[in-house]
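First comes the structure, then the notes that go with it.
The values are calculated or read from the model by the stated rules, or taken from the named source; none is laboratory data. Source: prediction; values computed, not measured. All Cβ positions, even for glycine, are placed from backbone atoms using ideal geometry, and neighbour counts span all protein chains on display. Ligands, DNA and RNA are excluded from the accessible area calculation, which covers all protein heavy atoms including side chains. Shrake-Rupley method; radii C 1.70, N 1.55, O 1.52, S 1.80 Å.
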Amino acid sequence: MTTKTKKTTLVEKKLIGLADIVIQAADRSKDPTFQIPIRALSNVSFNERKGLIEMGSKKQERSFFNVGMAKKFMQTVLVADALSELQRADLTTSLREIYYRTKHTIQDSHENTFDTQDESDPVIEDLEVSLAALREELHVRAENSGSIVGPVVFGDDGDRVDCAKLGKGGYSVPSIVEPEYLEIRRCTADFVLLVEKGTQWNRLSEDKFWRRYNCVLLTGNGQPPRGVRRLARRLHEEYKLPVYVLVDNDPWGYYIYSVIKQGSINLAFESQRMAIPKAKFMGLSSADPEQYELPRNVGIKLNDKDIARAKELMNYEWFKKPAWQAEIKRMLTSGLKYELDALANKDFQYLTKKYLPKKLQERDWLD
Amino acid sequence: MAQKKESASETESKSSAPRLTPEPAAKTKAAAKPAERVTAVEMGARQREISVSEFFTKNRHLLGFDNPRKALLTCVKEAVDNALDACEEAGILPDVTVKLEVVPNGEPVAPSQASRFRITVTDNGPGIVRQQIPRIFAKLLYGSKFHRLRMSRGQQGIGISAAGMYGQLTTGKPVKIISRIGPKAAAHFFEVQIDTKKNEPLVHENKQIDWEQPRGTQVTLEVEGKYQKGRASVDEWLEQTSIANPHVKLIYLTPERETKEYPRTYHELPPQPREIKPHPYGIEFGMLLKMLQDTKSHTLSGFLAGDFCRISLQLAEEICKTAKVSLSAKPRELKGPVAETLYKTLQETKIMAPPTNCISPIGEKAILSGLYKQIKGEFYTAVSRPPAVYRGNPFIIEAGLAYGNRPQDQHKPQQPAMPKAEGEHEEEDSELARVIRYANRVPLLYQQSACSTFKAVLSTTWKNYGLTQSRGALPGGPLVIFVHMASVWVPFTSESKEAIADYDEIQKEITLALRECGRRLGLFVRRRERAASEFRRRNIFELYIEEVVEACNRLKGGTLPKEKLKGQLQKIASARTGGQKTDDALGKTGGGPEGLPHSIIVTAEGVEGETELATQVEADQATAAPTAEPDLPGKTASTDEPAPKEKAAKENRAKKLPKTATKSGQIALFAGESGAKKKPGGRSTKPVKSVAPRKPK
């Protein structure tokens, strides 16, 4: 442990700082307390100029000698310990492994430090925000759950990965895509198309849509993970590629778009490096069914949850643009939502051959 | 019209006379109509009287002999009820022995497999005069209890003779009785059977014998039955009997040849219930007609004032005026519409509620004593409601609760500390409360859900009192709910006396009693929770300090002075959870059961509340248990006077008056270790004072 050659990293210093808080408080007979920024709608604000969701300065205290917080406090220290272990050993790990690493039964009792992963995940997020350290910096990775295909070449651990030569399966986007882990060697695409659903990404990849329209196809299989968002941002930033988002026409699709564009409420502190304020909403728009003559019978009735969520979205600062209010209202008025897959009702290749070409040609998107 | 009236008066007379008079001929005729013609004369030839005994031979389920298991219980119950009623009426503290033996039918078998049993119930009661023995035991509907309005266990005079008849029916064996009315009299032995056609006793054997008991009665029945422990068993019934009758000494010799002893823990006889005259609101028209015929008065006003309670001569005159009947009319001549008007007037006149001294409740102290004796709990409370009236019958509802586990038992199951995997939880206590129901001190074991008491328990919102309760279910937790109805006439839903009928007045009283008990329990539960949460706080911090210190040490690369940090944190922890305050909440310092009258609280430190009662119970149990150590005086020393048991009992009796006079009866006392058997050393040292000394740490 002490034989490591690496210098103590900044993150490790921050983690050790937590132990110092405890020690200092104990010295002065005070209740050890951590300050943790609040990760909720109440503590975020929309910066219109930057087009980003930014985290406010509200903090919550987590004290040890408070019955309600004692366990959380103890868990925070344990996770900090595990994270610093990762730093020293220079390893990356998953959220689940951290859960297992920190789980044990407390001595002389039959209480576990953690009962489920649901208890350890938020603690890790707490540490991310309170130490202002990125998850990658904490050496915690998420699952690889994104794919990319198109005229772009990466250098990954010294291997050359040409995403134009990976068939229809493409390259699996790693969860950490910072320059020191993933190098973008070359990119000749004209734009990035981020698709919500893996199934539609497969359709486009199979049809070689990216070759015809010279673009990069990205998917995150639902809510895109950090790796995918960060990669899109890098392509956008480093190669000046416009980013278009293709999602289902439902409140959840809208929100996915907004997370890509402005950042999420939960991880607002990461907006700075993840959000793509210039991203455009390509579809499916609530205007499309009429435009593209989708029959009513391929729609799905909005349920109560959908309606509640849609109304919630309308209240978010970043959905206040008139075009967006109209978009959501139109969906609520029709009472229907549409999946991307519904386009197959017209033709299996309708998305590739008709829908997207027309959208691109008419520059029919929402900002 | 006339027919309708007849059948109405027939149901009317149900409460006063056997309703097994010959079926009205009209009915039979109606049924036979569509078939081939039969003349009335032919039919008349077939119509004859049905004897009560014959009727019950065919309908034995009506009396609680539906199946062998229940039949065994019913036989024991009838014999014990009779014994207790007799003792109490004679003013004798009852000593009852119940013996159940397997009667081998060929090969000897295990009690659970046997099908034939001999039941012997012996009491120390007044005995029965020789001439009455056959009729009491071998004639249905014969006895002293039916014709008077007085609270007793038995009501109809069916019970023991029905049990005898059941035995006779299933085994052919007669009932054997030994009875002796005093040391100077001879003991008589009888063997009797019932002539089911005539409902008359047949005496098989009648002789004088030598009997070791100076006084009392012994009944032996041989019946077909099934012995099975558990719910609604003989064992359970006897145990519950002992709870509601702590003044009874009960010895039970089980078929497995064990001896279970339920000692007497309350040394006073319940006050003698008085006999009352019927209240006008409680009678029905047919009953009135019968009373008019039977009365000894020669004038109507005399009859009204003399044969009913709560009617003065003045009121009688008023009633006669309203009913437009002459004051001096001869009661025997009042019939038809005139009698009907009189009945209506009686019901409409405002008459004072009946006197209530005819009921003898068990009493809060005795209930506490019974519960404390039989049920191991942490908290006990009892409530006796003031008397109330339904349909002219006075009644009293009493309720009690026993809750929790004894402190010494609480720690046992928490020992196995296996690390828990994801998804595994602490095993939750899904145990539901148990309701024990009584009518005139007799436990009711069957038809719980049909019983008014059970319904009242369900409709009480136990959540208000700190318990869990799912919709329409019993409350959860280690709880025993005791409900007793004492009345001159308990309205059962059937002749087998299994469930109390659902009168609004009764239901209301039960609910009120339960609520009062619940409120006290709620106070106790909340107080304990407060203490537990303080305790948990302290525990939590102590538990986590270790973890936090270890993690900090690792973060600091193993260079931390661990012990120092731990010490500092522990100091903060105990400062934050406040030693003094916690001790208060944990009940370690004085206070007693605030606002909890008639309650006992058992803590690890001792007993609070009605301590005297608790010590008494334990002393009695100790003498009863053959293993008890002989240093009892040390224990009674805590009452400041080393009194033997008898004396303590007398003292109790003497103290009773002033205590009830203060009404609140709130006694806050602390006793020594309640777990005396575990720690024989520490029991006699602690003094009993109204303010307990703080325990030194």
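Where in region B:160-221 are there strands (runs of 3 or more DSSP E), lying fully within it, with 2 or more residues that are crowded, with 20+ Cβ neighbours inside 10 Å? Even if it seems obvious, please write down each step before you answer.
Details: elements: B:175-180, B:187-195, B:200-209.
Result: B:175-180, B:187-195.
Condition check: farther than 20 Å from residue A:213 by Cβ and outside the structural domain of residue A:202 (by TED's automatic domain parsing). Does residue A:367 satisfy that?
yes
Which of the following residues is surrounded by 14 or more Cβ atoms within 10 Å (Cβ to Cβ) and without any contact (Cβ under 8 Å) to a residue 60 or more places away in the chain: A:174, A:179, A:151? Don't jump to the end; show me each part of the working.
Numbers: A:179 fails: surrounded by 14 or more Cβ atoms within 10 Å (Cβ to Cβ); A:151 fails: without any contact (Cβ under 8 Å) to a residue 60 or more places away in the chain.
A:174 is the lone residue from the list that is surrounded by 14 or more Cβ atoms within 10 Å (Cβ to Cβ) and without any contact (Cβ under 8 Å) to a residue 60 or more places away in the chain.
Consider residue B:469 against the criteria (1) in contact with a Gly (Cβ under 7 Å, 6 or more places away or on another chain); (2) surrounded by fewer than 19 Cβ atoms within 10 Å (Cβ to Cβ): it satisfies all of them except one. Which criterion is unmet?
Against the list (1) in contact with a Gly (Cβ under 7 Å, 6 or more places away or on another chain); (2) surrounded by fewer than 19 Cβ atoms within 10 Å (Cβ to Cβ), residue B:469 comes up short only on (2).
What residue, of B:526, B:515, B:519, is modelled with pLDDT under 85, over 16 Å from the mean Cα position of the chain (by Cα) and either of a type in the set (S, T, N, Q) or open to solvent by 10 Å² or more (accessible area, probe 1.4 Å) (or both)?
That would be B:526, the only listed residue that is modelled with pLDDT under 85, over 16 Å from the mean Cα position of the chain (by Cα) and either of a type in the set (S, T, N, Q) or open to solvent by 10 Å² or more (accessible area, probe 1.4 Å) (or both).
Consider only pairs whose beta carbons are under 7 Å apart and that are at least six residues apart or on different chains; among these, list those whose first residue lies in region B:219-248 and is under 19 Å from residue B:435 (Cβ atoms) and without any contact (Cβ under 8 Å) to a residue 40 or more places away in the chain and whose second residue is of a type in the set (Lys, Arg) and surrounded by fewer than 23 Cβ atoms within 10 Å (Cβ to Cβ).
Cβ pairs passing all conditions: B:235/B:229.
Is it the case that some residue within region B:478-490 is surrounded by fewer than 18 Cβ atoms within 10 Å (Cβ to Cβ), over 17 Å from residue B:599 (Cβ atoms) and aromatic (Phe, Trp, Tyr)?
No; the residues of region B:478-490 include none that is surrounded by fewer than 18 Cβ atoms within 10 Å (Cβ to Cβ), over 17 Å from residue B:599 (Cβ atoms) and aromatic (Phe, Trp, Tyr).
Considering only residues that are open to solvent by 60 Å² or more (accessible area, probe 1.4 Å) and acidic (Asp, Glu), which ones fall in region B:98-134?
B:107
Taking the criterion of being open to solvent by less than 50 Å² (accessible area, probe 1.4 Å), away from chain A (no Cβ under 14 Å) and either out of contact with any strand residue (DSSP E or B) (no Cβ under 8 Å at 6 or more places or on another chain) or closer than 27 Å to residue B:355 by Cβ (or both), would at least one residue in region B:542-550 satisfy it?
no
Please give the number of the condition residue B:558 fails out of (1) more than 9 Å from chain A (Cβ to nearest Cβ); (2) on the phi > 0 side of the Ramachandran plot.
(1)
The rows are residues; the columns are (1) more than 19 Å from residue A:113 (Cα to Cα); (2) within 11 Å of chain B (Cβ to nearest Cβ); (3) surrounded by fewer than 21 Cβ atoms within 10 Å (Cβ to Cβ).
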site	(1), (2), (3)
A:9	yes, no, yes
A:21	yes, yes, yes
A:28	yes, yes, yes
A:35	yes, no, yes
A:38	yes, no, yes
A:56	yes, no, yes
A:65	no, yes, no
A:76	no, yes, no
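In region A:296-322, how many residues are farther than 17 Å from residue A:337 by Cβ and part of a helix (DSSP H, G or I)?
Qualifying residue count, region A:296-322: 4.
Could you identify the single residue in A:143, A:136, A:128 that is away from every other protein chain (no Cβ under 12 Å), open to solvent by 40 Å² or more (accessible area, probe 1.4 Å) and within 24 Å of the chain's Cα centre (by Cα)?
Exactly one residue qualifies, and that residue is A:143.
Among the residues that make up region B:379-394, is at least one of them open to solvent by 20 Å² or more (accessible area, probe 1.4 Å), modelled with pLDDT of 90 or more and away from chain A (no Cβ under 14 Å)?
Yes, there is a match, as at least one residue in region B:379-394 is open to solvent by 20 Å² or more (accessible area, probe 1.4 Å), modelled with pLDDT of 90 or more and away from chain A (no Cβ under 14 Å).
Yes or no, residue by residue, for (1) part of a strand (DSSP E or B); (2) in contact (Cβ under 8 Å) with a residue 12 or more places away in the chain; (3) more than 20 Å from residue B:261 (Cα to Cα):
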residue	(1), (2), (3)
B:91	no, yes, yes
B:101	yes, yes, no
B:118	yes, yes, no
B:132	no, no, yes
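Answer with yes or no whether residue B:242 is polar (S, T, N, Q), open to solvent by less than 10 Å² (accessible area, probe 1.4 Å) and closer than 30 Å to residue B:357 by Cα.
Here the answer is yes, as residue B:242 does meet what is asked.
Residues in region A:242-262: is at least one part of a helix (DSSP H, G or I), farther than 21 Å from residue A:165 by Cα and among the basic types (Lys, Arg)?
Checked region A:242-262: at least one residue is part of a helix (DSSP H, G or I), farther than 21 Å from residue A:165 by Cα and among the basic types (Lys, Arg).
Taking residue B:119, is it among the β-branched types (Val, Ile, Thr) and under 15 Å from residue B:213 (Cα atoms)?
no
Filter region A:115-143 for residues that are in contact with a Pro (Cβ under 9 Å, 6 or more places away or on another chain) and under 15 Å from residue A:97 (Cα atoms) and give the result.
A:141, A:142, A:143
Can you tell me which residue is farthest from the other protein chains (Cβ to nearest Cβ) among those in region A:106-125 that are open to solvent by less than 40 Å² (accessible area, probe 1.4 Å) and in contact with a strand residue (DSSP E or B) (Cβ under 8 Å, 6 or more places away or on another chain)?
Once the filter is applied, the top-ranked residue is A:124.
Out of region A:54-84, which residues are of a type in the set (Gly, Ala, Ser) and over 10 Å from residue B:544 (Cβ atoms)? First the steps, then the outcome.
Initial filter on region A:54-84 (of a type in the set (Gly, Ala, Ser)): A:56-57, A:63, A:68, A:70, A:80, A:82, A:84.
Answer for region A:54-84, where residues must be of a type in the set (Gly, Ala, Ser) and over 10 Å from residue B:544 (Cβ atoms): A:56, A:57, A:63, A:68, A:80, A:82, A:84.
Could you please let me know if residue A:258 is surrounded by 20 or more Cβ atoms within 10 Å (Cβ to Cβ), polar (S, T, N, Q) and in contact with a Gly (Cβ under 8 Å, 6 or more places away or on another chain)?
Working: surrounded by 20 or more Cβ atoms within 10 Å (Cβ to Cβ): yes; polar (S, T, N, Q): yes; in contact with a Gly (Cβ under 8 Å, 6 or more places away or on another chain): no.
Judged against the criteria, residue A:258 is not a match.
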